[in-house]
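Shown next, in structure tokens, is the structure this report addresses.
The values are calculated or read from the model by the stated rules, or taken from the named source; none is laboratory data. This is a predicted model, so every value here is computed, not measured. Virtual Cβ from ideal backbone geometry, glycine too; neighbours counted across all protein chains shown.
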Amino acid sequence: YVNVFDYVYQYKDHLGNIRLSYSDANGDGQVAVSEIREEKNYYPFGLTHKGYNNTVRGRKHNYGYNGKEENNELGLEWLDFSARNYDPALGRWMNIDPLADLMRRHSPYNYAFDNPIYFIDPDGMSPLGANGPTLDFFDLSGNKIGTDGVDDGRKAVVKDRSEVRSVKRTDRGGGTTQLSDVSSAKVLPSDATLKEAVDVLDRQIDNGGLKEESSIVMKDGSVVKGKTGSTPTIENGVQTAKATLPALPEGKTHADAEASIHSHPTAVQEVGGVIYPQSANNPSTGPDSDQTTFANYGTNIIVGPLGEVRNATQNPDGSNNIPNRSNGVVIYNSQSQQQVELKRRAVQKIINSQ
């Protein structure tokens, strides 16, 4: 029996570039220098480095940049990407983009949006993120409306209606929309943070609606839940619902946290004939306030009733006359600037979207 197979293994980088071809010819489970068949290193747009590591042991392997076949016929040295031919010396396609009408902001001959470290183009049709799932766009109702080729797996909400329509049109045509081209888009925190925001809201409602709840979500996805706050008090005509964020895990700092989350009362307190409705759109100010806490975290979330009530009154029968408000999530940055507000139902749809 003669073993006619000669196995050659390959090491690829995050872009699919074949960087190293090697074998274990003697079967000892280790790869010696003499068993390295070929090494390739590339400039960002795919041209091969010359002048070092030029040794080829055995047959030359014609697949390299992005794992594509190198076509050396007629000395052109193009790469075959199926739909188009690519010239790594120019960093440009040699054929027009078949989907050019879906990406009008870019030249039909550009490769990977001129960002080959961040994007790849598997078949010559359209750039995609190299490392994983695309960024998904949603409208304010939580409906998925399109995708972006950025390879970070994040989700973004588009607030402007005209931009929502534009993203939808591009998606229906099979194209992708760049985050930088959507001025009203706001990138959302992770699903772990959104799930905990909904949980904090549910805990607030379950405790009767007046005592605040809180959590901190760490960047590794772990959650630190806070203790239920005390019943709000009225001081000088101002309602104060005191709650404290939980302590960070031992050895961790604010930089290790993705987001702070706390609730504002979902129930309405009435004291001495005065009604005190709270809102997730109104961070507290002053010492030991929401705004002071927000400065420590890149992302901050208040859950509770959406929208402020300026004229709450009592009806003749003693019942409260307050406009109906939906509960939801309001996201702020470290400067206490509101980024986006979403109803609970919309948040749940975004979390459940795959």
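Results for (1) among the small types (Gly, Ala, Ser); (2) surrounded by fewer than 14 Cβ atoms within 10 Å (Cβ to Cβ); (3) more than 18 Å from PRO305 (Cβ to Cβ), shown as yes or no for each residue.
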{"site": "ILE234", "(1), (2), (3)": "no, yes, yes"}
{"site": "ALA247", "(1), (2), (3)": "yes, yes, yes"}
{"site": "GLY251", "(1), (2), (3)": "yes, yes, yes"}
{"site": "GLU258", "(1), (2), (3)": "no, no, yes"}
{"site": "SER263", "(1), (2), (3)": "yes, no, no"}
{"site": "THR285", "(1), (2), (3)": "no, yes, yes"}
Taking the condition at pLDDT below 95, farther than 21 Å from VAL347 by Cβ, surrounded by fewer than 17 Cβ atoms within 10 Å (Cβ to Cβ) and not hydroxyl-bearing (Ser, Thr, Tyr), does ASP181 pass? yes
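If you take the residues in region 158-197 that are assigned to a strand (DSSP E or B) and not basic (Lys, Arg), which one is farthest from the chain's Cα centre (by Cα)?
VAL158
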All conditions in (1) buried (at least 16 other Cβ atoms within 10 Å of the Cβ); (2) at pLDDT 85 or above are true of LEU15 except (2)
Qualifying residue in region 18-38 (condition: surrounded by 14 or more Cβ atoms within 10 Å (Cβ to Cβ) and within 30 Å of the chain's Cα centre (by Cα)): yes
Restricting to region 8-44, name every residue that is aromatic (Phe, Trp, Tyr) and part of a loop (DSSP other than H, G, I, E, B). TYR43
Under 8 Å between Cβ atoms, which residue pairs at least 6 apart in sequence (or on different chains) link something in region 327-354 that is surrounded by 16 or more Cβ atoms within 10 Å (Cβ to Cβ) with a partner that is polar (S, T, N, Q) and in a helix (DSSP H, G or I)? SER336/GLN291
Conditions (1) of a type in the set (Gly, Ala, Ser); (2) over 22 Å from PRO127 (Cα atoms); (3) touching a residue at least 40 places away in the same chain (Cβ under 8 Å); number of the one not met by ALA25: (3)
Search region 91-141 for residues being exposed (fewer than 14 other Cβ atoms within 10 Å of the Cβ) and among the small types (Gly, Ala, Ser), and hand back the single one that is modelled with the highest pLDDT. ALA100
Name the residues in region 172-191 that are without any contact (Cβ under 8 Å) to a residue 60 or more places away in the chain, of a type outside the set (Ser, Thr, Tyr) and touching a strand residue (DSSP E or B) at 6+ places or on another chain (Cβ under 7 Å), would you? LEU179, VAL182, ALA185, VAL187
Show the residue pairs meeting these rules: Cβ distance below 7 Å; 6+ apart or different chains; first residue within region 73-92 and under 18 Å from PHE119 (Cα atoms) and touching a residue at least 24 places away in the same chain (Cβ under 8 Å); second residue basic (Lys, Arg) and in a loop (DSSP other than H, G, I, E, B). LEU79/LYS68; PHE81/LYS68
Please return the ranges of strands (runs of 3 or more DSSP E) entirely within region 198-315 where 3 or more residues are of a type outside the set (A, V, I, L, M, F, W, C) and in contact (Cβ under 8 Å) with a residue 60 or more places away in the chain. 257-263
